[in-house]
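Reviewing the structure listed below.
The values are calculated or read from the model by the stated rules, or taken from the named source; none is laboratory data. All values reported here derive from a predicted model rather than from experimental measurement. Cβ sites come from the backbone with ideal geometry, for glycine too, and all protein chains shown count toward neighbours.
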Amino acid sequence: MVYIRWVSGFHRIAWTHETGRLVVSPIFEDKKKAISLARHMELWNDRFTKLTIIEDDTNYAVCCYEDPLVSRGESVGVLRLNLLRIAGYDQARSLFLEKSPLFQILYTSDYSRLETYEQVSRLVSPARCRIIEHRDLKRQEFYYERLAMASL
């Protein structure tokens with residue numbers, strides 16, 4: 001059985017721009033965790049990386065991983081559940097749908113001070129980017145997302 005170790009532990013998402021594309025960035029306050037995750041992401045092959053946003057009426061989840069069937073190392077994915085759908089998300093959502101976004105891990109020692117934000121991973125350009133409804137998780141193509149949602 002193929003296994004993905006899901007990493008959470010971040011509380012916010014930054015929606016930024018890089019080279020005309022949206023960048024989805026989970027923001028970690030634990031530098032060791034952020035750097036460890038970035039090391040795993042260095043091995044990811046963008047062609048087999050998937051970024052999925054899973055929506056319900058008031059919340060959304062972010063799930064990003066490399067397909068574990070082609071992974072060259074330990075399979076690690078990034079997951080955050082129960083993020084509130086607020087105004088910033090609605091703006092980012094339309095940009096996400098326009099052009100495939102990039103994905104990058106950020107670290108900060110203080111969420112309230114932008115000058116403490118630090119990029120710790122490379123920009124990943126996931127081959128599959130999609131926004132789905134929570135009810136879509138029952139479909140086979142979202143098998144790993146379904147496992148992720150059940151794991152935390």
- prompt: Among the numbered criteria (1) touching a Gly at 6+ places or on another chain (Cβ under 9 Å); (2) part of a helix (DSSP H, G or I), which single criterion is violated by residue 91?
  reply: (1)
Breaking point among (1) closer than 21 Å to residue 55 by Cα; (2) out of contact with any strand residue (DSSP E or B) (no Cβ under 7 Å at 6 or more places or on another chain); (3) among the charged types (D, E, K, R), for residue 122: (1)
- request: Any chance you could count how many residues in the stretch 127-137 are in contact with a Lys or Arg (Cβ under 7 Å, 6 or more places away or on another chain) and either free of Cβ contacts under 8 Å to residues at least 40 places away in the same chain or surrounded by 16 or more Cβ atoms within 10 Å (Cβ to Cβ) (or both)?
  value: 1
- prompt: Would a scan of the stretch 104-126 turn up a residue that is more than 16 Å from the chain's Cα centre (by Cα), surrounded by 12 or more Cβ atoms within 10 Å (Cβ to Cβ) and among the hydrophobic types (A, V, I, L, M, F, W, C)?
  reply: no
- request: Those residues that are out of contact with any Cys (no Cβ under 6 Å at 6 or more places or on another chain) and either within 14 Å of residue 67 (Cα to Cα) or surrounded by 15 or more Cβ atoms within 10 Å (Cβ to Cβ) (or both), I need them from the stretch 141-152; list them, please.
  value: 141, 142, 143, 144, 146, 147, 149
- prompt: Restricting attention to the stretch 43-74, which residues are farther than 19 Å from residue 25 by Cβ and of a type in the set (Phe, Trp, Tyr)?
  reply: 48
- prompt: When the stretch 4-35 is examined, which residues are found to be closer than 25 Å to residue 67 by Cβ, assigned to a loop (DSSP other than H, G, I, E, B) and either modelled with pLDDT of 90 or more or in contact with a Pro (Cβ under 7 Å, 6 or more places away or on another chain) (or both)?
  reply: 4, 8
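Residue by residue, here is whether (1) touching a helix residue (DSSP H, G or I) at 6+ places or on another chain (Cβ under 6 Å); (2) of a type in the set (Val, Ile, Thr); (3) over 16 Å from residue 54 (Cα atoms); (4) modelled with pLDDT under 95 holds:
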position: 89; (1), (2), (3), (4): no, no, no, yes
position: 97; (1), (2), (3), (4): no, no, no, yes
position: 102; (1), (2), (3), (4): no, no, yes, no
position: 127; (1), (2), (3), (4): yes, no, yes, no
position: 137; (1), (2), (3), (4): yes, no, no, no
position: 148; (1), (2), (3), (4): no, no, no, yes
Contacts under 7 angstrom Cβ, first residue in the stretch 80-93 being without any contact (Cβ under 8 Å) to a residue 40 or more places away in the chain, partner surrounded by fewer than 12 Cβ atoms within 10 Å (Cβ to Cβ), 6 or more apart: 84/58; 85/58
- prompt: Which residues, counting only those in the stretch 68-90, are surrounded by 12 or more Cβ atoms within 10 Å (Cβ to Cβ) and not aliphatic (A, V, I, L, M)?
  reply: 68, 71, 75, 77, 80, 85, 88, 89
Candidate set: the stretch 83-98, residues that are small (Gly, Ala, Ser) and more than 21 Å from residue 8 (Cβ to Cβ); chosen: the one farthest from the chain's Cα centre (by Cα): 87
- prompt: For the stretch 36-73, how many residues meet the condition of being over 18 Å from residue 105 (Cα atoms) and not in a helix (DSSP H, G or I)?
  reply: 14
